[in-house]
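**Q** Quick one: structure below, then a few questions.
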Amino acid sequence: MVKSALRWLEQIDPGTHRRIKGLRLVTAYGIAAALGTLQDVTHGLPSAVSVGSLAGGFALWASVSEARATRAESSRDLIVLCAAAAFGASLFVALSPALRAVATAGPELTLVTGAFLVSYLKRFGLLGAGVGSQIYIGQLLAYGARLTPLDLTAVAVAGLIAMLASIVPRLLSGPAEHPAPAALSSVDVAGRWGLSPELVMGLQAASGSLVVVALNEAVGLRESAWAITACTYVVAGSASGTIARVRRRIVGTLIGVPLGLACLPLAVHAPLLLWGAAALAMIVYAMALPNRYDVACAAFAFTLIVTLAAGGVHSVPLLAARAWETLLGGALGLFAALCILPLRPLRSN
């Protein structure tokens with residue numbers, strides 16, 4: 001079994017650089033979460049806000065999105081990405097009260113703006129794609145923490161902590177990392193109005209997210225943010241690419257969630273072991289993300305379930321709702337990609 005597991009790891013990551021990146025992003029999260037709990041850091045901030053949780057999320061996903069070859073470029077991008085996450089959280093705080101006056105699902109409407117930017121900002125290259133994702137991540141974390149205008153100082157502090165926590169591991173990893181980010185697929189809009197592919201992808205993600213918001217307003221979804229997130233990240237540079245991503249995400253979710261649910265008893269009897277399993281799963285996530293989206297989704301789904309359990313969320317119906325609403329969001333993203341200005345790969349001459 002050990003030999004089989006090692007062969008499987010070699011297939012996902014034939015080198016060591018992705019493993020190092022996995023260790024780096026877990027380290028960045030740990031440093032940020034630890035710094036965010038220090039009394040000297042949180043003194044004078046609202047006690048209801050977990051600065052460590054916000055900073056950890058900012059640092060973790062900034063480290064995932066960053067993919068530069070040198071320390072200087074990486075540090076620059078990490079600063080920008082952490083600032084983008086803090087901006088996204090602040091944007092949620094600013095827009096949520098006004099949109100709440102429009103509809104009960106007003107906070108979810110705020111997430112629609114981030115869903116659009118995740119795809120649209122890909123037109124500005126690797127850093128633009130990361131900034132769009134970080135803005136949405138910031139909004140999502142603010143939504144989960146129920147932030148208010150009184151928490152803007154905590155958001156700023158979390159952003160600064162995240163910058164430090166993400167840069168230090170990157171400086172230590174140095175030349176051991178050899179990032180090879182996948183190039184964005186070249187796409188066309190099938191001759192419809194000359195819109196840019198990134199704009200169309202943004203419209204597709206936002207449209208699917210709006211359907212989730214409408215469903216939440218009409219019938220009430222227990223975890224609508226998870227559906228919006230799935231809808232946002234399955235949209236790819238072509239309809240066929242979206243189909244493949246949806247299929248892989250479904251397979252990954254159906255594997256990762258049951259594994260996470262099976263580990264729920266550890267939350268009571270061995271919480272430290274559960275956190276260790278979550279860290280290992282995030283390392284696998286970083287290793288698999290470039291080439292094995294299904295494995296990455298399984299690792300991420302497992303991590304979400306076990307970290308929620310370790311944080312005190314043990315309700316199986318709640319966790320199951322997050323799983324099936326993730327599948328719902330993926331299906332809506334697929335429907336939007338197939339029906340709203342469907343994209344096709346450019347044909348080579």
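What follows is calculated from the coordinates using simple rules that are stated; it is not laboratory data. From a predicted model like this one, the values you see are computed outputs, not experimental measurements. Heads up, the Cβs are rebuilt from the backbone with ideal geometry, glycines too, and the neighbour counts pull from every protein chain shown.
**Q** What list do you get for LEU341, LEU45 if you sort them by fewest beta carbons within 10 Å?
**A** Exposure proxy ranking, most exposed first: LEU45, LEU341.
**Q** What dipole magnitude, in Debye to the nearest 20, does the chain give about its Cα centre under +1 on Lys/Arg Cβ and -1 on Asp/Glu Cβ?
**A** Here the size comes out at about 760 debye.
**Q** Still on this structure, I have one more. I need the shape label for the chain. Rule: rounded when a/c is under 1.5, else prolate if a/b > b/c, else oblate, with a, b, c from the alpha carbon gyration tensor.
**A** It is rounded, given that a/c, with a ≥ b ≥ c, falls under 1.5.
**Q** Using Cα springs under 10 Å in a Gaussian network model of the chain, which residue among ALA331, ALA321, ALA270 shows the largest mean-square fluctuation?
**A** ALA270
**Q** Mean separation of Cα pairs under 8 Å and 6+ residues apart, divided by the residue count of region 195-343: what relative contact order is that in percent?
**A** This gives 40 percent for region 195-343.
**Q** Starting from the 7 Å offset along Cα-to-Cβ, what nm value, one decimal, do you get for the label separation of ILE243 and VAL102?
**A** Using points 7 Å along Cα→Cβ, the separation is 3.4 nm.
**Q** How high is the relative contact order of the chain? Use alpha-carbon pairs under 8 Å, at least six apart in sequence, and give a whole percent.
**A** 22
**Q** Using the charge dipole of the chain (Lys, Arg: +1 at Cβ; Asp, Glu: -1 at Cβ; taken about the Cα centre), state which of SER209, ALA270, LEU332 has its Cα farthest towards the positive end.
**A** LEU332
**Q** Tell me, what does the Kirkwood hydrodynamic radius of region 17-176 come to in angstroms if you use every pair of distinct C-alpha atoms?
**A** Evaluated on region 17-176, it is 15.6 Å.
**Q** In whole Hz and in residue order, list the ³J(HN,Hα) couplings for region 124-131 that follow from phi through the Karplus curve 6.51 cos²θ - 1.76 cosθ + 1.60, θ = phi - 60°; x for Gly and Pro.
**A** Ordered by residue, 3J(HN,Hα) equals 9, x, 4, 5, x, 4, x, 4 Hz.
**Q** Related question: At a 10 Å Cβ-Cβ cut-off, how would you order LYS3, LYS21, fewest neighbours first?
**A** Sorted ascending by nearby Cβ count, the order is LYS3, LYS21.
**Q** In addition: Applying the Karplus parametrisation 6.51 cos²θ - 1.76 cosθ + 1.60 with θ = phi - 60° to the phi angles of region 251-265, what ³J(HN,Hα) value in whole Hz is obtained for each residue in order, glycine and proline being reported as x?
**A** 4, x, 5, 5, 8, x, 5, x, 5, x, 5, 5, 8, 4, x
**Q** Per residue of region 98-110, in order, report the coupling 6.51 cos²θ - 1.76 cosθ + 1.60 (Karplus, θ = phi - 60°) as ³J(HN,Hα) in whole Hz, putting x for Gly and Pro.
**A** With the stated coefficients, region 98-110 comes to 5, 6, 5, 6, 7, 8, 4, 8, x, x, 5, 4, 4 Hz.
**Q** Counting only other residues whose beta carbon sits under 14 Å from that of TRP226, what net charge do I get with K and R as +1, D and E as -1?
**A** 0
**Q** Given the rule -39500 (n - 2.57) for each run of at least 4 DSSP H residues, summed and divided by the residues of the chain, what is its mean residue ellipticity at 222 nm, to the nearest 500 deg cm²/dmol?
**A** The helix-only estimate for the chain comes to -25000 deg cm²/dmol at 222 nm.
**Q** Putting +1 on Lys and Arg Cβ atoms and -1 on Asp and Glu Cβ atoms, find which of GLY36, LEU171, TYR143 reaches farthest to the positive end of the dipole of region 17-176.
**A** LEU171
**Q** A follow-up question, please. Starting from the Cα gyration tensor of region 278-349, take the square roots of the eigenvalues, sort them a ≥ b ≥ c, and report rounded, prolate or oblate (rounded when a/c is under 1.5, otherwise prolate if a/b is larger than b/c, else oblate).
**A** Oblate, since a/c reaches 1.5 and b/c is not below a/b.
**Q** Within 13 Å, Cβ to Cβ, of LEU25, how many net charges do the neighbouring residues add up to if Lys/Arg are +1 and Asp/Glu are -1?
**A** +3
**Q** For ALA67, what charge total do you get from the other residues with a beta carbon under 10 Å from its beta carbon, if Lys and Arg give +1 and Asp and Glu give -1?
**A** -2
**Q** What length, rounded to one decimal in nm, is gained on full extension from ALA69 through to LEU45, with 0.36 nm per residue of separation minus their alpha-carbon distance?
**A** 4.9 nm
**Q** Order these by the 10 Å Cβ neighbour count, fewest first: GLU223, GLU217, GLU325.
**A** GLU217, GLU223, GLU325
**Q** May I pose another question? Relative contact order for region 17-176: what is it in percent, counting Cα pairs under 8 Å that are at least 6 residues apart?
**A** Result for region 17-176 is 36 percent.
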